[in-house]
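Working notes for the structure below.
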Amino acid sequence: MSLDIQAIRADFPILHQQVHGQPLAYLDNAATTQKPQCVIEAVRQYYERDNANVHRGVHALSERATAKYEGAREKVRAFINAASLSEIVFVRGATEAINLVAQSYGRSNLKAGDEILITEMEHHSNIVPWQLLCEQTGAKLKVVPINDDGEISLEDVESRLSKRTKLVAVVHLSNALGTINPVREIIDLAHGQDIPVLLDGAQATAHLAVDVQALDVDFYVMSAHKMLGPTGIGALYAKQELLEAMPPYQGGGDMISMVSFEKSQFAELPYRFEAGTPNIAGVIGFGAAIDYLQKLGLENVAEYEDGLLRYATERAQVFPGLRLIGTARRKASILSFVLEGIHPHDIGTILDRQGVAVRTGHHCAMPVMEHFQVPATVRVSFSVYNTMDEADRLFAALEKVREMFA
Ligand code: 7TS
């Protein structure tokens, strides 16, 4: 099915504005996506009509708030096809999800000499939590290298797995390169040696249909704000048997069934991992974003965005002095590049003056920058509301950059 992009654009109020006197072309979706009216409306309605704390009150508002909050958990479960609601833990975002796994699963399962396997293309939030865990436990971080296209090889994964490997943590879709990793094959390799796998799906869930049961993945992390939902909310999927054996990550209200000064009993899953009053409005907005994506159909979204990426890639390949960073065979949404002799920040600033919003910098993936020997890149990242016309405006703006630096 082909999508009606103009109708989709009409759902996003923020897109219809001028920046520096030019129509906004928002091409920074890997940093955060814009929100459709239905998400904004869901958050507004919650505050206007239903605001109350969840899981506590017997009054009508609290019951409504709880029903919406738990309804959103069901939407997340269905979206990634998790087997049970107990396996969906609401967290602040991908960053907190990974820290939760590191501190709860990691601290109780890893010891000195054990190893965690990651890749050279990870976002800092899939590096630093493991480094902290290593400092706490004496475990070691091992890294699968990338090639000059920004891909990893399965041989390199396999050769780095050993009896000491206790966890493999890999990005599903790289935010700096756009690479889609062969996650199914990585999981098969790791499971062949009984090693659990965490996938960082922060970028993936807005562009690829994810089925955690088909993947048989152990931990999957997601951030709502990168998939048309609010900031400050995300979800951790973890297999029930893993969550059941994990100690609480934070203590507080809502995560206990009984407290005395001698000992507390922890609540059932997933509440054991949701201490304190949660981001109720965020969860409800997250649910609305999933409804919206489901209505579009992730396959349709992927097909449309692939067309945009292909078109922009073809134009980039013939643009004078442009070097693509990330030329993997399987990619989604993201076009990272440098222009010979011009600093990415200068490019970003000049593009902004023409209404074109891109990200410039290391994209919280400094090891990737080091691999390609660049301080930073310009990163264009597409969402379903972007158009060929905006891609053309990007390249017209890049022509201006070239003229200015000629
Ligand atoms: N993992 C990946 C692959 C990411 O791209 C990001 C955020 C995170 C984890 C962390 O997600 P958070 O929602 O908890 O912050 N990436 C980016 C980016 O590329 N530009 O800004 C944030």
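The values are calculated or read from the model by the stated rules, or taken from the named source; none is laboratory data. Given the structure is predicted, the values throughout are model-derived calculations rather than measurements. Cβ: placed from backbone, ideal geometry, glycine included. Neighbour counts: every protein chain shown. To get the accessible areas, we keep the full protein, side chains included, count just its heavy atoms, and leave off ligands, DNA and RNA. Shrake-Rupley method; radii C 1.70, N 1.55, O 1.52, S 1.80 Å.
Observations on the structure shown:
- Across the options 320, 247, 27, the greatest Cα extent toward the positive end of the charge dipole of the chain (unit charges at beta carbon of Lys, Arg, Asp, Glu) belongs to 247.
- Here the stretch 24-81 is treated as a sphere whose radius is the Kirkwood value from Cα pairs; by Stokes-Einstein at 25 °C and 0.890 mPa s it diffuses with a coefficient of 183 µm²/s.
- Per-atom-type breakdown for the chain gives carbon and sulfur 51% of the accessible area (1.4 Å probe, protein chains only).
- Comparing 163, 331, 68 in a Gaussian network model of the chain (Cα springs below 10 Å), the most mobile by mean-square fluctuation is 163.
- With R₀ fixed at 35 Å, the C-beta to C-beta distance from residue 194 to residue 45 puts the FRET efficiency at about 0.15.
- Counting only DSSP beta bridges with both residues in the stretch 40-295, the antiparallel share comes to about 45 percent.
- Note on the stretch 40-295: with charges restricted to the Cβ of Lys and Arg (+1) and Asp and Glu (-1), its dipole about the Cα centre is near 740 debye.
- The label-point distance for residue 313 and residue 209, in a model that sets each label 7 Å from Cα toward Cβ, rounds to 2.1 nm.
- In terms of its C-alpha gyration tensor, the stretch 1-130 comes out oblate, because a/c is 1.5 or above while a/b does not outweigh b/c.
- Our estimate of slack between residue 141 and residue 85, defined as 0.36 nm per intervening residue step minus the Cα-Cα distance, is 17.0 nm.
- Furthest towards positive pole of dipole, 195, 117, 131, structure part the stretch 40-295, Cβ charges: 131
- Burial ranking of peptide ranges 248-255, 321-328 (average Cβ count within 10 Å, highest at the top): 321-328, 248-255
- Mean residue ellipticity (222 nm) of the chain, computed from DSSP H runs ≥ 4 via -39,500 (n - 2.57), nearest 500: -11000 deg cm²/dmol
- Candidates 88, 98, 14: whichever shows maximal mean-square fluctuation once the chain is modelled as a Gaussian network with Cα springs under 10 Å: 14
- Cα→Cβ-extended label distance, 7 Å offset, between residue 300 and residue 366, nm: 4.4 nm
- Values of log10 I(q)/I(0), in the order q = 0.10, 0.12, 0.13 Å⁻¹, for the stretch 40-295 under a Debye, Cα-only, solvent-free model: -0.49, -0.70, -0.81
- Shape of the stretch 239-330, Cα gyration tensor, a/c cut at 1.5: prolate
- Lysine pairs in the chain whose alpha-carbon atoms fall under 23 angstrom of each other, counting only those eight or more residues apart or on distinct chains, come to 22.
- Of the residues 1, 157, 277, the one whose Cα sits farthest toward the positive end of the charge dipole of the chain, with +1 on the Cβ of Lys and Arg and -1 on the Cβ of Asp and Glu, is 277.
- Top of 274, 305, 370 by mean-square fluctuation, Gaussian network on the chain, Cα under 10 Å: 370
- Accessible area of the stretch 64-114 divided out per residue, in Å², using a probe of 1.4 angstrom: 35 Å²
- Sites residue 388 and residue 162 - FRET efficiency at Förster radius 35 Å, r taken between beta-carbons, to 0.05: 0.15
- Solvent exposure ordering (accessible area, 1.4 Å, most first) of 160, 329, 353: 329, 353, 160
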